[in-house]
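Undergrad: The following block contains the structure, expressed as structure tokens.
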Amino acid sequence: MNEHNAAQGPDFIEAGRKLFSGPVDFIWAAAKSDDLPPLGPPEIAFAGRSNVGKSSLINALTGRNTLARTSNTPGRTQQLNFFAMGPNPDDIRLRFVDMPGYGYAAVEKTKVANWNKMLKDYLRGRASLLRVFVLIDGRRGIKDNDVEMLDMLDASAVSYQVILTKRDDIKLADQEPMIAATLAALRKRPAAFPEVLFTSSETGAQIPELRASIMKLLVEHGGAQSL
Ligand code: GTP
Ligand code: MG
């Protein structure tokens, strides 16, 4: 049922496809909270445990295989990487932010502490941030460190939407129960958007629906009337 809700109708699907077919460029990397780019167009951010598939999802959304760096080794993305997108480079409508993953134990403690501080500072303090997409491994569901992230977003009243990832790696029979369990876990969370997408960056499953959600968000924000 949720999947049909999430589709948001054919108009947003088509508008989302168009939005993401334009030019997109890497514009900025921030290694510390005070290195962030000046505020500009609306931003969306992708957060989640290390290796959950954040960078791969950005590549799937934009149809560019090598835009964001991905890796088998957890801890690949080590900075906040900003990408800008619009019908042309002088008319940027949206930025998206690829974040370092959390929950990766094999990185030095001081590095992890720095990343966590940067994530929190950015997520709690960014006026132009429209929504955080929190990626959860669809094979495992919500884990303790995901709960910490969701608690932080709820406490700071930062709007977020959960995306289950790696759908291609999960048996069909297990997919609906995973969506249902995730929705149930989000029900009492005040800042959670009440829909869950279940994507695959390998097969493209629900990527059009995710583009449609982002398009809808932009329209609601008032920044996309002329798209
Ligand atoms: P960090 O930057 O370390 O936080 O990781 P990340 O969340 O950016 O993950 P990344 O996109 O680098 O992907 C991690 C691994 O998962 C890679 O080996 C990807 O190929 C794999 N992966 C990502 N998305 C999918 C997917 O939809 N399906 C499958 N089967 N594998 C995926
Ligand atoms: Mg990454």
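The values are calculated or read from the model by the stated rules, or taken from the named source; none is laboratory data. Note that this is a predicted model, so its numbers are computed, not measured. Cβ: placed from backbone, ideal geometry, glycine included. Neighbour counts: every protein chain shown. When the accessible area is computed, the model is the full protein with side chains, heavy atoms only, and any ligands, DNA or RNA have been set aside. Shrake-Rupley method; radii C 1.70, N 1.55, O 1.52, S 1.80 Å.
Undergrad: Taking only protein heavy atoms into account and a 1.4 Å probe, give the accessible area per residue of segment 10-220 in Å².
TA: Per-residue accessible area for segment 10-220 comes out at 47 Å².
Undergrad: Take the alpha carbon atoms of segment 29-73, find their center, do the same for segment 146-201, and report the distance between the two centers in whole angstrom.
TA: What the calculation gives is 19 Å, centre to centre.
Undergrad: Another question about this same structure. A 18 angstrom limit on the alpha carbon distance is what I want to check against. Which of LYS32/LYS120; LYS32/LYS54; LYS109/LYS166; LYS120/LYS188; LYS32/LYS111 exceed it?
TA: Details: LYS32/LYS120 11 Å; LYS32/LYS54 20 Å; LYS109/LYS166 28 Å; LYS120/LYS188 22 Å; LYS32/LYS111 11 Å.
From LYS32/LYS120; LYS32/LYS54; LYS109/LYS166; LYS120/LYS188; LYS32/LYS111, over 18 Å: LYS32/LYS54; LYS109/LYS166; LYS120/LYS188.
Undergrad: Then there is this: Enumerate the calculated ³J(HN,Hα) couplings along segment 24-38 in order (Karplus 6.51 cos²θ - 1.76 cosθ + 1.60, θ = phi - 60°), each rounded to whole Hz, writing x wherever the residue is Gly or Pro.
TA: Working through the residues one at a time gives 9, 9, 5, 10, 6, 10, 10, 9, 9, 4, 8, 9, 5, x, x Hz.
Undergrad: Given H placed 1.01 Å from N in the peptide plane, which residues other than close sequence neighbours of LEU94 have an amide H under 5 Å from its amide H?
TA: Amide H neighbours of LEU94, under 5 Å, 5+ apart: MET85.
Undergrad: Still on this model: For a quick check of understanding: with a 1.4 angstrom probe and all protein chains in place, what accessible area in square angstrom does VAL158 have, to the nearest ten?
TA: 20 Å²
Undergrad: Over the chain, what is the mean sequence separation of C-alpha contacts under 8 Å (at least six apart), divided by residue count, expressed as relative contact order in percent? Before the final figure, lay out each step's value.
TA: Working: 414 pairs, mean separation 59.8, N = 227.
This gives 26 percent for the chain.
Undergrad: I've got another one for you. Over segment 1-125, what is the mean sequence separation of C-alpha contacts under 8 Å (at least six apart), divided by residue count, expressed as relative contact order in percent?
TA: It rounds to 30 percent for segment 1-125.
Undergrad: With every protein chain left in place, what is the accessible area of ARG124 in Å² (1.4 Å probe, nearest 10)?
TA: Looks like 130 Å² after rounding.
Undergrad: OK, next. Give, rounded to the nearest 20 debye, the magnitude of the charge dipole that the chain has about its Cα centre when Lys and Arg contribute +1 at Cβ and Asp and Glu contribute -1 at Cβ.
TA: Roughly 400 debye, rounded to the nearest 20.
Undergrad: Among the DSSP beta bridges whose two residues both lie in the chain, what percent are antiparallel, rounded to the nearest 5?
TA: 40 percent
Undergrad: Explain nothing, just compute: Karplus ³J(HN,Hα) = 6.51 cos²θ - 1.76 cosθ + 1.60, θ = phi - 60°, for every residue of segment 188-202 in order, whole Hz, x for Gly and Pro.
TA: 9, 9, x, 9, 7, 6, x, 9, 10, 9, 10, 9, 9, 7, 7
Undergrad: Which helices count as membrane-span-like in the chain under these terms: full DSSP H, at least 18 Å along the axis by C-alpha, Kyte-Doolittle mean of 1.6 or more?
TA: Taking the DSSP H segments of the chain (at least 18 Å long, mean hydropathy at least 1.6), we get none.
Undergrad: Related question: With point charges of +1 on the Cβ of Lys and Arg and -1 on the Cβ of Asp and Glu, referenced to the Cα centre of the chain, which listed residue (THR110, PRO208, ILE27) lies farthest in the positive direction of the dipole?
TA: Among THR110, PRO208, ILE27, the one farthest towards the positive end of the dipole of the chain is THR110.
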